1. Mind listing just one residue for me: the one in the stretch 70-80 that is in contact with a helix residue (DSSP H, G or I) (Cβ under 8 Å, 6 or more places away or on another chain) and either free of Cβ contacts under 8 Å to residues at least 24 places away in the same chain or within 16 Å of the ligand (Cβ to nearest atom) (or both) and, of those, nearest to S53 (Cα to Cα)?
2. Taking the options R102, R89, R119, name whichever one is part of a helix (DSSP H, G or I), of a type in the set (K, R) and away from the ligand (no atom under 14 Å from the Cβ).
3. Go through the stretch 16-33 residue by residue and tally those that are in contact (Cβ under 8 Å) with a residue 40 or more places away in the chain and surrounded by fewer than 23 Cβ atoms within 10 Å (Cβ to Cβ).
4. How many residues are among the aliphatic types (A, V, I, L, M) and away from the ligand (no atom under 16 Å from the Cβ) if we restrict to the stretch 134-157?
5. Restricting to the stretch 1-43, give me the number of residues that are away from the ligand (no atom under 16 Å from the Cβ), part of a strand (DSSP E or B) and among the hydrophobic types (A, V, I, L, M, F, W, C).
6. Would you pick out the residues in the stretch 80-96 that are over 20 Å from L126 (Cα atoms) and either out of contact with any Leu (no Cβ under 7 Å at 6 or more places or on another chain) or among the aliphatic types (A, V, I, L, M) (or both)?
7. Working only within the stretch 205-230, note down all residues that are part of a loop (DSSP other than H, G, I, E, B), under 18 Å from the mean Cα position of the chain (by Cα) and surrounded by fewer than 16 Cβ atoms within 10 Å (Cβ to Cβ).
8. Of R89, R110, which residue is surrounded by fewer than 19 Cβ atoms within 10 Å (Cβ to Cβ), at pLDDT 95 or above, of a type in the set (K, R) and over 27 Å from M6 (Cα atoms)?
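The values are calculated or read from the model by the stated rules, or taken from the named source; none is laboratory data. Computed from a predicted structure; not experimentally measured. Every residue, glycine among them, receives a Cβ derived from its backbone with ideal geometry; neighbour counts consider all protein chains shown.
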Amino acid sequence: MDSYRMTDIHMHIIPGVDDGSFTVEMSETMLMMSWIQGVRTVFATPHSSAFLSDPDLVWEQYRLLKERTERLPFSMRLYAGCEVRFEPRDLDEILTHLRTGRIPSMNHTRYVLTEFSTRVLRQEALGMISEIRKEGWIPILAHTERYPDLFAEDTLDRILDMGCYLQINAYSLSDDPEGETAGRAGRLLSEKKVSFFGSDAHRLNHRPPDVEKGLKYLYEHCEAGYADAVAFGNSKKLLMPS
Ligand SMILES: [Fe+2]
């Protein structure tokens with residue numbers, strides 16, 4: 001394959017609103033790094049805490065980044081989203097914010113990039129997902145490989161049966177290839193349980209955009225049709241309805 005094509009559905013690219021990019025110039029550099037690796041579409045997904053503390057600032061910074069992205073010397077599409085953190089204690093509150101729109105879904109769809117504590121227990125996760133689904137939202141579980149307890153028993157099958165989708169971080173496949181996280185990410189791909197790739201890029205000096213090695217792994221280990229769906233097809237179909 002000459003070059004990859006990817007939609008990055010998980011990126012902390014809006015400057016100055018969370019622990020992601022500091023400045024719009026840093027965001028532009030990160031977008032360039034992503035483009036070189038094959039990314040053509042990005043979902044800007046700040047942590048939900050940013051929308052809770054100052055939503056006007058987040059949207060103002062998103063609009064600024066969108067304007068600047070349109071003037072870059074390469075073509076990159078940008079959509080708005082959010083990485084929504086759910087804890088059992090504030091589940092109702094977060095669902096209310098989703099309902100009112102204070103916390104946004106992915107590009108105004110019913111899909112919600114859903115994050116739990118890495119220490120989440122499977123019964124807690126199943127309980128929260130059940131409540132999220134009751135409200136009609138469709139969770140896309142962010143960096144699924146980071147929740148060890150969800151790999152016990154048939155938990156992930158139950159989560160998929162509840163109508164959820166799974167995202168993995170591309171760098172998880174290459175960072176520490178012999179590590180447990182890479183093992184879990186690779187297993188999810190081999191079982192075709194992953195629907196989306198993300199970078200979860202934060203800053204130039206902390207988790208910079210790093211998807212190329214993950215894309216290489218994807219295309220070397222999975223059949224081309226499934227790899228295309230994970231890299232860009234599912235996001236086009238589900239998150240960018242025309
Ligand atoms: Fe993230």
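1. This residue is A80.
2. Details: R102 fails: part of a helix (DSSP H, G or I); R119 fails: part of a helix (DSSP H, G or I).
The match here is R89.
3. Within the stretch 16-33, the first condition is being in contact (Cβ under 8 Å) with a residue 40 or more places away in the chain, and the residues that meet it are 16-17, 19-22, 24, 26-33.
This time we only want the ones that are surrounded by fewer than 23 Cβ atoms within 10 Å (Cβ to Cβ), so: 16, 19, 22, 24, 26, 28-29, 32-33.
Looking only at that region, the number is 9.
4. Taking the stretch 134-157 as the starting set, the residues that turn out to be among the aliphatic types (A, V, I, L, M) are 138, 140-142, 150, 152, 156.
Next, only the ones that are away from the ligand (no atom under 16 Å from the Cβ) stay: 138, 150, 152, 156.
The qualifying residues number 4.
5. Summing the residues that are away from the ligand (no atom under 16 Å from the Cβ), part of a strand (DSSP E or B) and among the hydrophobic types (A, V, I, L, M, F, W, C) in the stretch 1-43 gives 1.
6. Within the stretch 80-96, the first condition is being over 20 Å from L126 (Cα atoms), and the residues that meet it are 80-82.
Hit for the stretch 80-96 is A80, nothing else.
7. In the first step, residues of the stretch 205-230 are kept if they are part of a loop (DSSP other than H, G, I, E, B); the result is 205, 207-211, 222-223.
Keeping just the survivors that are under 18 Å from the mean Cα position of the chain (by Cα) gives 207-211.
Listed by number, the list is empty, since nothing qualifies.
8. R89
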